[in-house]
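Just so it is clear, none of the values below were taken in a lab; they were calculated from the coordinates. Computed from a predicted model, the values in this text were never measured in an experiment. Reconstructed Cβ throughout: ideal geometry from the backbone, glycine too, with neighbour counts over all protein chains shown.
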Ligand SMILES: [Zn+2]
């Protein structure tokens, strides 16, 4: 599986249909909701790697895995 943010090979843990989880050597561990992926696909959006890395870093270590949902996704893309 490849990383949904940077495209590098990443460890995939697809727990269920509601979200995807990846552990990427560059991006770290994160989750993306199915709704966010559908939204991004519908708009043809791609993650801004730098912006997304920063966001994941800020949300790591809080006890929960950083999760990009459909509210967060539009803030992390190249428009
Ligand atoms: Zn990555």
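For the reader, a short list of remarks on this structure follows.
- Segment 7-17, residues that are near the ligand (Cβ under 8 Å from one of its atoms) and in contact with a strand residue (DSSP E or B) (Cβ under 8 Å, 6 or more places away or on another chain): 8, 10
- When we screen 4, 39, 20 for residues that are away from the ligand (no atom under 12 Å from the Cβ) and under 11 Å from the mean Cα position of the chain (by Cα), the only hit is 20.
- Complete set of residues in segment 44-72 that are touching a residue at least 24 places away in the same chain (Cβ under 8 Å) and over 14 Å from residue 5 (Cα atoms): 60, 65, 70
- Residue match in segment 6-20 (condition: touching a helix residue (DSSP H, G or I) at 6+ places or on another chain (Cβ under 8 Å), surrounded by 13 or more Cβ atoms within 10 Å (Cβ to Cβ) and under 20 Å from residue 63 (Cα atoms)): yes
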